[in-house]
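Structure first, then comments.
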Amino acid sequence: MTHSANYTQKRRAHRGPARRIGRTLSLVLPVMLVLSGTLAVTSVNWSGNTSDSMLTASADDLSKPAKSRAPQDILRDRLLLELQEKNPGVALTHLQREVDRHPSLAKHCMSIARALGRAAVQAYGPTRAQSYARPVCDTSYATGVATHQNR
């Protein structure tokens, strides 16, 4: 046997149990960390109620159907997100399109436009928010901007 083969054989002999333990820990430890983190998140009282009973997602009554959200609420939330991701002009354009497509939303147009105006002031400041004003739903967007900037 040559010197290098003898050296390699000795090094491999020292890898035995320590190497197996290291491999086991490298596989088990991440799983344990994920599980303990998941359990920690589910045991936190996220509702803010100070009652002693802890409610988790599984504590809901699953026999009752989930409350469906009104179309105007879904549209408002989608447009507010769009306002944050793009700009108020895009959100107002899409509001007008949705009202044109679904005339039943017309009675909610003013409240949605005011909400967009208030959100635009928070995101862009009063001057820049006002620059996006359009005649969508009369002047509701501008009214939302004006009422929020005066606070």
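The values are calculated or read from the model by the stated rules, or taken from the named source; none is laboratory data. As the structure is a prediction and not an experimental result, all values here were calculated from the model. Glycine gets a Cβ as well: all are built from the backbone with ideal geometry, and neighbour counts include every protein chain shown. Just the protein is used for accessible areas: all its heavy atoms, side chains included, with ligands, DNA and RNA removed. Shrake-Rupley method; radii C 1.70, N 1.55, O 1.52, S 1.80 Å.
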Taking THR93, is it at pLDDT below 90 and either open to solvent by 40 Å² or more (accessible area, probe 1.4 Å) or of a type in the set (A, V, I, L, M) (or both)? no
Among the numbered criteria (1) within 28 Å of the chain's Cα centre (by Cα); (2) within 23 Å of ARG69 (Cβ to Cβ); (3) of a type in the set (Ser, Thr, Tyr), which single criterion is violated by SER104? (1)
When you look at THR42, is it surrounded by 14 or more Cβ atoms within 10 Å (Cβ to Cβ) and modelled with pLDDT under 90, yes or no? no
Which residues, taken from the range 107-151, are open to solvent by less than 80 Å² (accessible area, probe 1.4 Å), in contact (Cβ under 8 Å) with a residue 24 or more places away in the chain and not in a helix (DSSP H, G or I)? TYR132, VAL136, CYS137
